[in-house]
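Peer 1: Got a structure for you, questions after.
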Protein chains: 2
Amino acid sequence: MHREDQLVERTVRAIPSASSRSRFRGVSLGIGDDAAILALTGRTEWVLSCDSFLEDVHFLANSHPPKSVGYKSLTRAASDLVAMGAKPRFFLLTLALPASRASSWFDGFLRGMARASRSLDMRLIGGDTTKSQSISISITVLGEIARGQALTRSAAKPGDIIYVSGKLGRAQLGLDLVLNNLAHRRDFRKLLRPHLYPEIRVKLGEWLAQKRIASAMMDISDGLSTDLGRLCKASRVGARVESESLPCVTIPPSSVRALKKLKLDPLQMALHGGDDYELLFTVPPHDVKRLRRAPGFSELSAIGEITRDSKILLRSSDGSSTTLAARGWDSFREK
Amino acid sequence: MHREDQLVERTVRAIPSASSRSRFRGVSLGIGDDAAILALTGRTEWVLSCDSFLEDVHFLANSHPPKSVGYKSLTRAASDLVAMGAKPRFFLLTLALPASRASSWFDGFLRGMARASRSLDMRLIGGDTTKSQSISISITVLGEIARGQALTRSAAKPGDIIYVSGKLGRAQLGLDLVLNNLAHRRDFRKLLRPHLYPEIRVKLGEWLAQKRIASAMMDISDGLSTDLGRLCKASRVGARVESESLPCVTIPPSSVRALKKLKLDPLQMALHGGDDYELLFTVPPHDVKRLRRAPGFSELSAIGEITRDSKILLRSSDGSSTTLAARGWDSFREK
């Protein structure tokens, strides 16, 4: 049999898929033909995004477990759907990999992707597999949302309170552990997890969209300083962030000594670290009270306020302010 | 500004796009947010497919013009929609490229993609751009079709007549010219064209689906021997192909001498050459007459018949038959 076709068959066996034979709500035809066919009701809107995950750019094939690569490539793509308040539903996978990665590496990859797919309740509906020099993954995701409910990044208003979910910089810390060859240590396993297996805020995103509480929302994939800049630019506003309110990573006392040589700066990690996939959203002051019922409310932090200004300022505890430059992840930045 | 964001802005300026600001039928929100939003009517079905186009696998960045890379990457992706009879509508572009390709190469690429996008009447609705070591393009395409009208590859029946559109092997000939450093010659320009700027049979595909004339259909992207094998496998049938009926490339008399050293074999090129993106479809005998009204009917060839057997046979003019092995394009095949 055609080797590409074999890889497709292994994929369909491993990952929850809508195949040609299975019937799945909304899917007239799944994997196995030239294309998939969706029969949609028209009652909802469909949210689409694509995202690439590349060897030596986003991950290191010899340092990152294949299971993490599979899990994370889908999760980070789905994060863009969650960032609009949509429910993740389907995905298409374009995969290019060297022949040497087509056996056990590929199995690990599929296991990780299957885990993400099950945890997000998403089905694979199409794909394309090719041999290449290095591993390159591109995923297109489709989500569903009630008409008119999607939260964009362009409707933040001066006076809105800026919120983030979770702690920021956790993925950066995990990456630092990998890059410093500390990933194998059992005592760092928990610190490593957000980098290898990030969890995304599906319920929170859906809730904020359904309740129409947030004025604007996006996910933090490239770092707060870069992504807040994008939200402000799209909304034509500025922002003031209180450095003291930022939910920074706390290093467990038992690890402080072992991590000393990394010279970690939790504030800088929270401001510029990428890959957290937490939600960044703005709430008009009169809706702040309603937020208390949000799923995972205790993990939300109000970090500042949208301003009329076009600048983004970071205010320190002493009251002084500095401009917050976008120093998050940018693959094209000169080093 | 973020350099990735700059590339996105150049893309949106160059390629017909559904941007956040423009209103376009079916698009609630276009490029510029976390994801695009489609408001679909529910009266039609949506057809989705993804396709990758990689440097050193599918094209050579120093031999193939960037305009061709841009044009072809979208056209070949859209071919999967046409293969089901759908009307191409939208696409998402995932692009990874070295910084050295972000200037003039990228402009040429965008011009070619814009040309394909206009000619197919497709709009860009999303994308992702990253820096990488080599150029990697992944495109997800969406097409629209009346409910239940899509033509799959799995419904061919014994006795159905097998048709192909156009001539087969033309793209292979163009590739041979490129690989033999003959692409620069003005007298070969016409022979090169199907390889660099393939045209796909949008009207024929739509017509066959609308009129319910074809029983099964797919596009020939990896070569007839491989793709007919896939159609037969999906339909659980066999086929008999008449070698004399195959629409082979004809070398213009003026070029015969210059091409002699390439030792071209038009029959082998027609059987196994990839990248033609012609349509392969089957028609029940009682519907063959109706086919005369097909767009581009004069370019269709009946090449054989679907059989009850599971084999695919190639019958020569002397009446002898041999098994037709799948020897089309497979990036994973050992050389």
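The values are calculated or read from the model by the stated rules, or taken from the named source; none is laboratory data. Predicted model, so just to flag it, every value in this text is computed and none were measured. Note: ideal-geometry Cβ built from the backbone for every residue, glycine included; neighbour counts use all protein chains shown.
Peer 1: Of the residues that sit in region B:151-163 and are surrounded by fewer than 24 Cβ atoms within 10 Å (Cβ to Cβ) and among the aliphatic types (A, V, I, L, M), which one is nearest to the other protein chains (Cβ to nearest Cβ)?
Peer 2: The qualifying residue nearest to the other protein chains (Cβ to nearest Cβ) is B:A155.
Peer 1: May I ask you to verify whether B:A96 is within 26 Å of B:E9 (Cα to Cα), within 12 Å of chain A (Cβ to nearest Cβ) and either in a helix (DSSP H, G or I) or charged (D, E, K, R) (or both)?
Peer 2: Answer is no for this residue.
Peer 1: If you go through region A:123-142, how many residues are more than 7 Å from every other protein chain (Cβ to nearest Cβ) and either out of contact with any Leu (no Cβ under 9 Å at 6 or more places or on another chain) or in a strand (DSSP E or B) (or both)?
Peer 2: Qualifying residue count, region A:123-142: 7.
Peer 1: For region A:8-60, how many residues are charged (D, E, K, R), assigned to a strand (DSSP E or B) and more than 7 Å from chain B (Cβ to nearest Cβ)?
Peer 2: Number satisfying all stated conditions: 1.
Peer 1: Okay, moving on. Has region A:67-87 got any residue that is assigned by TED's automatic domain parsing to the domain that holds A:I137, over 27 Å from B:I37 (Cα atoms) and in contact with an Asp or Glu (Cβ under 8 Å, 6 or more places away or on another chain)?
Peer 2: no
Peer 1: Same structure, new question: Please indicate, with yes or no, whether at least one residue in region A:312-332 is in a loop (DSSP other than H, G, I, E, B), free of Cβ contacts under 8 Å to residues at least 60 places away in the same chain, under 23 Å from the mean Cα position of the chain (by Cα) and not assigned by TED's automatic domain parsing to the domain that holds A:Q210.
Peer 2: yes
Peer 1: When you go through (1) at pLDDT below 95; (2) farther than 18 Å from B:S138 by Cα one by one for B:V12, which number turns out not to apply?
Peer 2: (2)
Peer 1: Scan region A:288-306 for residues that are outside any strand (DSSP E or B) and surrounded by 17 or more Cβ atoms within 10 Å (Cβ to Cβ) and jot them down.
Peer 2: A:L291, A:A294, listed by residue number.
Peer 1: Also: State yes or no: is A:S254 loosely packed, with under 15 Cβ neighbours inside 10 Å, farther than 24 Å from A:A77 by Cα, more than 14 Å from chain B (Cβ to nearest Cβ) and touching a helix residue (DSSP H, G or I) at 6+ places or on another chain (Cβ under 8 Å)?
Peer 2: Answer is yes for this residue.
Peer 1: Right, another one. Among all residue pairs at least 6 apart or on different chains, which show Cβ distances below 6 Å where the first residue, located in region A:214-243, is under 12 Å from B:D33 (Cβ atoms) and the second is surrounded by fewer than 21 Cβ atoms within 10 Å (Cβ to Cβ) and aliphatic (A, V, I, L, M)?
Peer 2: Note: pairs meeting the criteria are A:A216/A:A155.
Peer 1: Could I ask something else about it? Could you tell me whether any residue of region B:77-93 is more than 25 Å from A:V141 (Cβ to Cβ), in contact (Cβ under 8 Å) with a residue 40 or more places away in the chain, under 22 Å from the mean Cα position of the chain (by Cα) and not in a loop (DSSP other than H, G, I, E, B)?
Peer 2: no
Peer 1: Residues of region B:225-239 being among the aliphatic types (A, V, I, L, M) and part of a helix (DSSP H, G or I), which ones?
Peer 2: Listed by number, the residues that qualify are B:L228, B:L231, B:A234.
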